[in-house]
């Protein structure tokens, strides 16, 4: 049974658990080695909580991702998240032009400007416009569709056992991990490591969490004994880098790392010595 359970983020619907584990495990092992190598974990002791297929559209005549344009961004959650990504990317990256007329952001023209600007950001470079919109749509569907939310959370719940010591989650997966752990306080003590998390984004994510925050602070997730949150300063998705002011008590340990050009990519997060140290500490605690 897995000692470490991984939870991926958006835009993985055409992959699968073994494919993603092949992608994640070497980087995770490198992070542990760079921490000193005193703690190691074999691949067969690591599992991927895969939910990408929940968002995979049924077969249709079109090839690839369904055609989506700026005019399809009509939902308030998608619009607000697009604006938040755009503003943060413009603050962090000189190559990304910023919004100058917020009052008209809700028009297709401004949504198109946002998409065009984000195409120059490190995170979205190389992604087509429709893939960016599909990413917005996945976040919105998780946060607003109860059946989708439950189906995704069940994937993680199905893998966690008494042998599980650490849950490592990335991007939207951090929301999945937080909510699933909160729903299962009976689980054995577990360490949580979040990478590039959008959990604290106000209004869009934080205020839609289950259980709902109260007085600006969210409940500590279930039986988690240690929570380390790791973010790159330039990560567009992790708009709020520090979670400690928003969750607990006890407190989240917030750590900043440098991931290079791919600030939100999971592999540099996993190879960071700080991530390796957090995973190793969780494994040691559970021994």
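The values are calculated or read from the model by the stated rules, or taken from the named source; none is laboratory data. Quick caveat, the model's predicted, so the values are computed rather than measured. Quick reminder, even Gly has a Cβ in these numbers, built from the backbone with ideal geometry, and neighbours come from all protein chains shown.
All conditions but one from (1) surrounded by fewer than 20 Cβ atoms within 10 Å (Cβ to Cβ); (2) modelled with pLDDT under 85 apply to residue 158; the one that does not is (2).
Is there a residue being part of a loop (DSSP other than H, G, I, E, B) and in contact with a helix residue (DSSP H, G or I) (Cβ under 7 Å, 6 or more places away or on another chain) anywhere in the stretch 171-179? So far as the stretch 171-179 goes, no, none of its residues is part of a loop (DSSP other than H, G, I, E, B) and in contact with a helix residue (DSSP H, G or I) (Cβ under 7 Å, 6 or more places away or on another chain).
The test for being more than 17 Å from the chain's Cα centre (by Cα) and under 29 Å from residue 22 (Cα atoms) holds for residue 224. Being outside the structural domain of residue 279 (by TED's automatic domain parsing) and either under 25 Å from residue 128 (Cα atoms) or assigned to a loop (DSSP other than H, G, I, E, B) (or both) holds for only one residue in 36, 9, 98, and it is 98. Within the stretch 219-237, count every residue that is free of Cβ contacts under 8 Å to residues at least 60 places away in the same chain and closer than 20 Å to residue 166 by Cβ. The qualifying residues number 11. For residue 53, the conditions (1) surrounded by 21 or more Cβ atoms within 10 Å (Cβ to Cβ); (2) at pLDDT below 95; (3) assigned to a helix (DSSP H, G or I) are fulfilled apart from (1). Out of everything in the stretch 113-155 that is part of a loop (DSSP other than H, G, I, E, B) and closer than 22 Å to residue 67 by Cβ, what residue ends up being modelled with the highest pLDDT? Residue satisfying both the conditions and the ranking: 145. The residue list 221, 245, 249 contains one member that is closer than 20 Å to residue 181 by Cα and at pLDDT below 90, which is 249.
For residue 83, indicate whether it is touching a helix residue (DSSP H, G or I) at 6+ places or on another chain (Cβ under 8 Å), assigned to a helix (DSSP H, G or I) and modelled with pLDDT of 90 or more. For residue 83, the condition - touching a helix residue (DSSP H, G or I) at 6+ places or on another chain (Cβ under 8 Å), assigned to a helix (DSSP H, G or I) and modelled with pLDDT of 90 or more - is not met.
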